[in-house]
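The values are calculated or read from the model by the stated rules, or taken from the named source; none is laboratory data. Keep in mind that this is a model prediction, so the values were computed, not measured. Here the Cβ positions follow ideal geometry from the backbone for every residue, glycine too, while neighbour counts run over all protein chains shown.
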Amino acid sequence: MQTIMITGGAGFIGSSLADKLLSMGIKVIAIDNFNDYYDPSIKKDNVYQALQDPNYKLYEGNIEKIADVEKVFAENKIDMVVHLAARAGVRPSIEAPLAYAMTNIIGTLNILEMMKKYNVKRMSMASSSSVYGNCKAKKFSEDLNIREPISPYAATKSADEQICYTYHHLYDMEIYMLRFFTVFGPRQRPDLAINKFTRLIMENKPIDMYGDGTTMRDYTYIDDIVDGIMATLQYQQTGYEIFNLGGGSPITLKEMIATIEKVLGKKAQIHQMPMQLGDVDKTVSDISKAQRLLGYQPKTSFEEGVKKFVAWKFSLDSKPRDIAA
């Protein structure tokens, strides 16, 4: 039986991936520090069902502390790593750049060092569409120059790509960097726009719209992201690659709000705000490389994804949840 380690395993993407792997009979070893960036009880709820599975093991630990990371490697025979743990968010990274460097760069180095020590040769890792900065290209392809990140978060993810290439080169590791484009769906973090806007519209509260509403994001439904990660776990043609995992159909901020309004059957109260530092004008994924090499093909349209997210949101609000202790 394969054993896959997931860092950030109790988060939005990590817990969704864990559920998929467990359903296929794959053993999952997760590590998460359950920090208070958002309510830790949400993460505990994310892993509640997985904890009932004998093929699942969860460590509460911090990837910034190499002893926490080594404990996981020492106690388990790990076949491959999916490294999703990170300090996320563009705007908070401007306020706390040192904290972002510690988690996203030092934490990644700790993972790589333990992979080297325990002879784990394969990793898929979350990068970000934010590495493209304010790219002027019509579509963002993996071979574009990414020397101009406009937030510390983006800079740390760009650095991770360089560091991981170095370990691939020096130690013959197979590493695949996945540039995620605005992932949404059930379990999405509460601070992200679709979750936050849905909640506020349902509560008849105003939403902050930054800029004039023409900024664009390439939204990607969680199931499509999980499928993309799963494809990299099987990929064997090359030892290091960067892949865009996006939805392929960018949506403006105004269109995003209108879609949520349509699904909810309620109008938003909009509070106009200026653009914020670190925000990019657009993200537009060129997914042709992932289509060609991974067979990646996003299946869920934006509106369908919002419908699924809202159905999940209403299901949470209509019944009490069991929150893992």
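Quick notes
- Hits in segment 292-316 - residues which are exposed (fewer than 12 other Cβ atoms within 10 Å of the Cβ) and either over 29 Å from ASP45 (Cα atoms) or in contact (Cβ under 8 Å) with a residue 60 or more places away in the chain (or both): ARG292, LYS299
- If you go through segment 28-55 and keep only what is touching a helix residue (DSSP H, G or I) at 6+ places or on another chain (Cβ under 9 Å), surrounded by fewer than 21 Cβ atoms within 10 Å (Cβ to Cβ) and either under 14 Å from LEU233 (Cα atoms) or of a type in the set (Phe, Trp, Tyr) (or both), you end up with PHE34, TYR37.
- Selection from segment 1-40 of residues that are free of Cβ contacts under 8 Å to residues at least 40 places away in the same chain and touching a Ser or Thr at 6+ places or on another chain (Cβ under 6 Å): LYS27
- Pairs are defined by a Cβ separation below 9 Å, a sequence spacing of at least 6 or placement on different chains, a first member in segment 186-197 that is over 13 Å from ASP39 (Cα atoms), and a second member that is among the polar types (S, T, N, Q) and assigned to a loop (DSSP other than H, G, I, E, B); the pairs so defined are LEU192/THR182; ALA193/THR182; ILE194/THR182; ILE194/GLN188; ASN195/GLN188.
- In segment 271-291, residue farthest from GLN234 (Cα to Cα) [restricted to those that are among the hydrophobic types (A, V, I, L, M, F, W, C) and surrounded by 15 or more Cβ atoms within 10 Å (Cβ to Cβ)]: VAL280
- First in segment 219-237 and at positive phi, second anywhere and of a type outside the set (A, V, I, L, M) and assigned to a helix (DSSP H, G or I), Cβ under 6 Å, 6 or more apart: none
- Helices (runs of 4 or more DSSP H) lying entirely in segment 64-159 (those with 2 or more residues that are of a type in the set (A, V, I, L, M), more than 14 Å from ARG179 (Cα to Cα) and modelled with pLDDT of 95 or more): 66-75, 97-101, 107-117
- Residue that is nearest to GLN188 (Cα to Cα) [pool: residues in segment 212-236 that are surrounded by fewer than 16 Cβ atoms within 10 Å (Cβ to Cβ) and either of a type outside the set (Val, Ile, Thr) or within 14 Å of the chain's Cα centre (by Cα) (or both)]: GLY213
- Top-ranked residue of segment 51-90 - restricted to ones that are of a type in the set (Gly, Ala, Ser) and in contact (Cβ under 8 Å) with a residue 60 or more places away in the chain, ranked as farthest from ILE6 (Cα to Cα): GLY89
- Enumeration of residues in segment 1-25 that are in a loop (DSSP other than H, G, I, E, B) and either surrounded by fewer than 18 Cβ atoms within 10 Å (Cβ to Cβ) or out of contact with any helix residue (DSSP H, G or I) (no Cβ under 9 Å at 6 or more places or on another chain) (or both): MET1, GLN2, MET24, GLY25
- Subset of segment 56-68 that is within 21 Å of ILE26 (Cα to Cα), crowded, with 16+ Cβ neighbours inside 10 Å and not aromatic (Phe, Trp, Tyr) - its residue that is farthest from the chain's Cα centre (by Cα): LYS57
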